[in-house]
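Reviewing the structure listed below.
Bear in mind these aren't lab numbers, they're just calculated from the coordinates by the rules spelled out. Small disclaimer: the values here were computed from a predicted structure and weren't measured. So basically every Cβ, Gly included, is an ideal-geometry build from the backbone, and we count neighbours across all protein chains shown.
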Amino acid sequence: MTFDLEDWFHILDIPDSTRIDRWKSFASRAEIGLRIFLELLDHRKVTCTFFILGWMAERHPGLVRLAAESGHEIACHGYAHQLIYNQRRDLFREDLRKSKQVLENISGMPIAGYRGPGFSITPDNLWAFDDIAESGFTYDATIFSGNHGHGGIPGIPSKPFKLKTLSGLELEEYPIASVYFGKAKTAFSGGGYFRLFPRRFIAMCIERQNRQDIPVVSYFHPRDFDPNVPRMKMSFKRLFKSYVNVGKTVGKLDFVLSRYRFMSISAWRREVFQQPQEVTIIDFASTGRGNATSP
Ligand SMILES: [Zn+2]
């Protein structure tokens, strides 16, 4: 179970959300969705990994403490919520360093996990894994194993695996759950996809994954649980995806949690991933994929 702690104005790739200097003019609503979600987790006794935006943590340290004191894992969603492939590499490194430090200072704990905004690691910016590993993270959870609006790496496993970065460093990877829908892969376990799909379809996808011994990595945001979340200006298609069924997420997720067992990534790593087993290793260091486009 994972949750990206950011605000309603952090929807990617629209003019009002891209510029960090404009964010302070918006009133925060993250606590509303966060508290609804925390209550649900508490009710179902589920632990969760909270990937928290450094910018949010600096302004609302109480939200970081609230999640940590409820027994959940604190992880890092970067600082400024910029698509990784749109960033200069030195600025990406600085974003990683700054956000990790902010979160470690507030939580008083080492931060092991990172998730970039919008699944924005692609075959063209695999160098990002080097920077994530060099920044001291043990695992990443950015990958979508198919084509996605803001990124994705088609052909990569959708089951947790270990990877060797281009320069040979090691990192664990926890891809977002995905299933084939015809020839294309689609997400179903979080955000707009979870809100859009009927609960029976989501249950079917979870069972299909579990039958193949694949755990389902979910991803939610405060706005997924806030029925009165303000609408930002965007195309009709994105409006639909960003806000469809926001009033129904709680009931649907409660249904899912009543049937399937979820836990934080740190709990998963302790319970399953670090036990002796066959783990796929993806070795970017030998294949060298992505080198040519490293900025
Ligand atoms: Zn995000």
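Answer with one residue from Met1, Leu41, Thr18: the one whose Cα lies farthest towards the positive end of the charge dipole of region 1-64, charges on Cβ with Lys, Arg +1 and Asp, Glu -1.
Result: Leu41, furthest along the dipole toward the positive end.
Quick one: putting +1 on the C-beta of Lys and Arg, -1 on the C-beta of Asp and Glu, what dipole do you get for the chain around its Cα centre, in Debye to the nearest 20?
So the dipole magnitude of the chain works out to roughly 1100 debye.
Which of the peptides 72-84, 200-212, 42-54 is most tightly packed, and how do the rest follow, going by the mean number of other Cβ atoms within 10 Å of each residue?
Peptide ranking by packing, descending: 72-84, 42-54, 200-212.
Given H placed on each backbone N at 1.01 Å, which residues far from Cys76 in sequence or on other chains put an amide H within less than 5 Å of it?
HN-HN under 5 Å from Cys76: Ile52, Gly113, Tyr114, Arg115.
At a 10 angstrom cut-off on C-beta neighbours, averaged per residue, how do the peptides 268-278, 242-252 rank from highest to lowest?
In descending order of packing, they fall as 242-252, 268-278.
Which residue, chosen from Thr142, Tyr114, Ala177, occupies the Cα position most advanced towards the positive end of the dipole of the chain, where the dipole is computed from +1 (Lys, Arg) and -1 (Asp, Glu) charges on Cβ about the Cα centre?
Positive-end residue among those listed: Ala177.
Please compute, for the alpha-carbon atoms of region 41-160, the extent along each of the three principal axes and give them in descending order in Å.
Sorted largest first, the three principal extents are 39, 33, 23 Å.
If you take every residue apart from Gly168 with its C-beta less than 12 Å away from the C-beta of Gly168, what net charge results, scoring Lys and Arg +1 and Asp and Glu -1?
Local net charge: -3.
Go through region 161-176 residue by residue and turn each phi into a ³J(HN,Hα) via Karplus (6.51, -1.76, 1.60, θ = phi - 60°); whole Hz please, and just put x for glycine and proline.
Per-residue couplings from phi come out as 8, 9, 10, 9, 5, 3, 9, x, 7, 9, 8, 8, 10, 10, x, 4 Hz.
Quick one: of the DSSP bridges fully inside region 2-293, what percent are antiparallel, nearest 5?
30
Take the alpha carbon gyration tensor of region 194-295, find the square roots of its eigenvalues, order them as a ≥ b ≥ c, and report rounded if a/c is under 1.5; if not, report prolate when a/b exceeds b/c, else oblate.
Since a/c reaches 1.5 but b/c is at least a/b, the shape of region 194-295 is classed as oblate.
Give me, ordered by chain and number, the residues 5 or more places off Val217 or on other chains with an amide H under 5 Å from its own placed amide H.
Result for Val217 returns Ala177.
Can you list the HN-Hα couplings for region 40-50, worked out from phi with the Karplus curve (6.51, -1.76, 1.60; θ = phi - 60°), rounded to whole Hz and with x for Gly and Pro?
5, 4, 5, 4, 9, 6, 10, 9, 9, 9, 9
Compute the Cα gyration tensor for the chain, then decide on rounded, prolate or oblate, letting a ≥ b ≥ c be the square roots of its eigenvalues: rounded whenever a/c is under 1.5, prolate when a/b is larger than b/c in the other cases, and oblate in all that remain.
Rounded shape, in that the Cα axes give a/c under 1.5.
Where a Cα-Cα gap under 18 Å defines reach, which aspartates and glutamates qualify for Lys252, not counting those fewer than 8 residues away within the same chain?
Glu39, Asp42, Glu207, Asp224, Asp226
Long-range amide H contacts for Leu166: which residues qualify at under 5 Å (H placed 1.01 Å from N, peptide plane, sequence gap of 5 or more or a different chain)?
Asp130
Could you work out the local net charge near Val64, counting Lys and Arg as +1, Asp and Glu as -1, over the other residues with Cβ closer than 11 Å to its Cβ?
-1
So how much slack lies between Leu239 and Lys45, counting 0.36 nm per residue of separation and subtracting their Cα-Cα distance, in nm?
Extra length available between Leu239 and Lys45 comes to 66.5 nm.
Using Cα-Cα distances under 8 Å and only pairs 6 or more residues apart, what relative contact order does the chain have, in percent?
Computed value for the chain: 22 percent relative contact order.
Give me the net charge for the shell around Arg238: Cβ to Cβ below 14 angstrom, other residues only, Lys and Arg +1, Asp and Glu -1.
Neighbour charge sum, excluding Arg238 itself: +4.
What are the ³J(HN,Hα) couplings of region 198-214, residue after residue, when phi is run through the Karplus curve with 6.51, -1.76, 1.60 and θ = phi - 60°? Round to Hz, x for glycine and proline.
x, 4, 5, 5, 4, 4, 4, 5, 4, 5, 4, 5, 5, 4, 8, 6, 10
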